[in-house]
Amino acid sequence: MLEKKLENLVVELKENQDVLAQIYDCMYDEVYRYIYSIVHNKEYAQDLTHDTFIQVYRNVHLYKPKGNAKAWIITISRNVTYMSLRKLSREQVVDYEIDGVDEGMNGIHDKMMIKRMMKILCQDESEIIILHVVEGLKFKEIAQIMDLKLSTVLNKYHRSLKKLRKSLEE
Amino acid sequence: MKNKEIKNQLKKEFQDIHMPSRKEQLMRDIEYIDQLEVQQIKRKIPRKYQISFLALACTLIFAFMISKPQNVYSVSFEVNPSIELKINHQRRVEDVICHNDDALLVLDEMDLKNTDLDVAVNAIIGSMFKYGYITEAKNSVLVSVQGSDKEAREALKQDVATDVKDILSGYSLKASVVSQDYKFSKEREELAEKYGISVGKVTLIKKLINVSPDYEFADLVDLSINDLNTLIHYKNIQFKTITIDGVESHSGYLSDEEVRTKVLNHAQVTLNDLKSYEDELDVKNNQLVYNVNFMDAYASYNYQVNAISGEIVSFDVKM
């Protein structure tokens, strides 16, 4: 239902810029969570979330309606994030520091499973877990977003769950 | 804990994470971007100057039509797929040109028009890597920038070359990025069209021939960028106007030792019998070859061995 609504909104955005506000409402928390899982810094993730929606607006004319607006927005957020990380490392500017695993989660609940995930899984693995389990994307969409083979995504997904299970048993 | 429980727990914890909405700021920024773009298109001109400006604009348009000015930059990427982007001063893509069939495959259904240059570079290099045109064994990429303003095109060249290198290092691949910039040349444009390659590759080959006049243009035109890069490195050629960042891969070529074993086996000469031996990387019929000369007590031998396949292209024995 949400996917259909999002698809319609993205298509409408080509003609009407006010629709961006609705797209933002639908997706900003999801984009933020995903970016946070990569950069591990609240403020930086919030800035990149903002940049993501600017890019959504600027590039909406390139969107081809195929029922995957959510995956398209997540792809933009991934590109924005990695481009910014590359730029930061190239310029060696440390505007943002990486939060400790505990920071950035303060004031909500005890995020035991997220902390564990960030500790034991590598970047690719946690991205796959978040995109599938939390954002509900299909493995095929994840493979496209991350530019990986479908079999690699599936392998990494199952391996990650196994790692998490094993760490909980210890 | 079962997989299902782990997934539910993760989902629950993530769904509790929220960020404060910046919707109002976003909408303000969008409005600002729109205004900026509109301002760039139509600057407010005082009425008394409008007629003069109109006349000037007409003259400029006429001059543009007859002189084909280079008011946009061209950034091309050549591996074997050869793709050229025409960009404007805001570094947004205005046109995409595929110089060969491989380029069409790389671009797939991508529509890069009106995207920012860095987004387009990311998409093109990512796709070249995905389709196996850039690998550990073929890690050289040629980046060429054409434009009239020297300073601007040098800055652009440096930015794009760094982006390409960074993107590929993101795929854990150490690339060798060959970058150059130059002004428009009708002769090079015609050669590029004739051979179905980018003007960048034409320029690189021309510069190579300037330094090594023994080569003919047609001898080098089918070599890959990695082959040309290897040749430049092997012959220790330094160019003032070409920057090479990173070492080209040699893993796709035979090593000196493999070549020696191959020719000695073919000539049925043992290492102990050798009186002299030398080999040199060279080009023959659009292939990289090793030119090998050696002697034993009975004869002198000359071999040419394909540097990639190991095939003996020619040999000659003088008793």
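What follows draws every value from the coordinates through simple rules; no lab data is involved. Since we're looking at a predicted model, the values are computed, not measured. Neighbour counts are summed over all protein chains in view; Cβ atoms, including those assigned to glycine, are modelled from backbone coordinates with ideal geometry.
Please arrange A:6, B:173, A:48 by counting, for each residue, the other beta carbons lying within 10 Å of its beta carbon, fewest first.
B:173, A:6, A:48
Taking a spot 7 Å from the Cα of residue B:97 along the direction of its beta carbon, which residues of segment B:123-141 have an amide N less than 20 Å from it?
Counting backbone N atoms under 20 Å from the label point, the list is B:124-125.
On a 0 to 90 degree scale, rounded to 10, what angle separates helix B:256-267 from the longest Cα axis of chain B?
40 degrees
Determine, for A:122, A:26, B:98, the number of other Cβ atoms within 10 Å of each Cβ, and report the residues in order from fewest to most.
A:122, B:98, A:26
Among B:107, B:237, A:154, which residue has its Cα furthest toward the positive end of the charge dipole of the protein assembly as shown, with +1 on Lys/Arg Cβ and -1 on Asp/Glu Cβ?
So the residue we want is A:154.
Would you mind getting me the FRET efficiency between residue A:25 and residue B:245? Use the beta-carbon distance for r and R0 = 41 Å, nearest 0.05.
Once the sixth-power term is evaluated, E becomes 0.40.
May I ask for the net charge around residue B:151, where only other residues with Cβ less than 14 Å from the Cβ of residue B:151 are counted and Lys, Arg are +1 while Asp, Glu are -1?
Overall, the nearby charge balance is 0.
Would you please calculate the Kirkwood hydrodynamic radius of segment B:189-319 over all C-alpha pairs and express it in Å, rounded to one decimal?
When all Cα pairs of segment B:189-319 are included, the Kirkwood radius is 16.2 Å.
Suppose R0 equals 35 Å. What FRET efficiency, 1/(1 + (r/R0)^6) with r the Cβ-Cβ distance, do residue B:11 and residue A:14 give to the nearest 0.05?
Using R0 = 35 Å, I get an efficiency of 0.60.
Pick from B:293, B:229, B:80: which is most flexible by mean-square fluctuation in a GNM of chain B where alpha carbon atoms under 10 Å apart are linked?
Result: B:293 has the largest fluctuation of those listed.
Using a Gaussian network for chain A with springs between C-alpha atoms less than 10 Å apart, which of these wobbles most: A:29, A:47, A:18?
A:18
How far is helix B:117-130 tilted, in degrees, relative to the longest principal axis of the Cα atoms in chain B, given as a value from 0 to 90 rounded to the nearest 10?
40 degrees
Would you work out the Kirkwood radius for segment B:256-318? I mean one over the mean of 1/r across all pairs of different Cα atoms, in Å.
Roughly 11.6 Å, rounded to one decimal.
Rounded to the nearest 5, what is the percent of antiparallel bridges among the DSSP beta bridges in chain B?
DSSP beta bridges in chain B are roughly 85 percent antiparallel.
Give the whole-number value, in cubic angstrom per residue, of the convex hull volume spanned by the C-alpha atoms of segment B:70-194.
For segment B:70-194, the hull spanned by Cα atoms encloses 96 Å³ per residue.
Starting from the exponent 0.38 and prefactor 2.2 Å, build the expected Rg for segment A:107-170 from its residue count and divide its actual Cα Rg by it.
Compactness ratio reported: 1.14.
How long are the semi-axes of the equivalent ellipsoid of chain B, defined as square roots of 5 times the Cα gyration tensor eigenvalues? Whole Å, largest first.
One finds semi-axes of 49, 32, 14 Å for chain B.
If each Cα of chain A is one equal point scatterer, what is log10 of I(q)/I(0) from the Debye formula at q = 0.08, 0.10 Å⁻¹?
The Debye formula, applied to the Cα set alone, gives -0.26, -0.40.
Angle between the Cα long axis of helix A:2-13 and the longest principal axis of chain A, 0 to 90 degrees, nearest 10?
50 degrees
Calculate the spin-label point distance for residue B:278 paired with residue B:33, positioning each point 7 Å from the Cα along the beta-carbon direction, and give it in nanometres.
It is 6.2 nm.
Quick one: Karplus J couplings for segment B:177-193, per residue in order, coefficients 6.51, -1.76, 1.60, θ = phi - 60°, nearest Hz, x for Gly and Pro?
9, 9, 10, 8, 9, 6, 8, 4, 9, 5, 4, 5, 4, 5, 5, 4, 5
Just need the Rg to Rh number for segment A:1-99, please, alpha carbons only, Kirkwood Rh.
1.01
I need B:127, A:77, B:169, B:176 ordered by Cβ neighbour count within 10 Å, fewest first.
Listed from fewest to most nearby Cβ atoms, that is B:169, B:127, B:176, A:77.
I'd like to know which of A:144, A:113, A:164 lies farthest towards the positive end of the charge dipole of segment A:107-170, counting +1 on Cβ of Lys and Arg and -1 on Cβ of Asp and Glu.
My answer, from the dipole projection, is A:164.
Pop a pseudo-label 7 angstrom from the Cα along the beta-carbon direction at both residue B:23 and residue B:302 and give the gap in nm to one decimal.
Calculated label separation equals 8.0 nm.
Counting pairs of Cα atoms in the protein assembly as shown, how many percent are more than 33 Å apart?
Roughly 52 percent, rounded to a whole number.
Tell me the label-point distance for the pair residue B:1, residue B:318, using the 7 Å Cα-to-Cβ offset, in nm and rounded to one decimal.
So the label points at residue B:1 and residue B:318 sit 8.0 nm apart.
Which of B:35, B:268, B:158 moves most in a GNM of chain B, Cα contacts under 10 Å?
Comparing B:35, B:268, B:158 in a Gaussian network model of chain B, the most mobile one is B:35.
State log₁₀ I(q)/I(0) for segment B:128-208 at q = 0.19 Å⁻¹ as given by the Debye formula over alpha-carbon point scatterers of equal weight, solvent excluded.
-0.89
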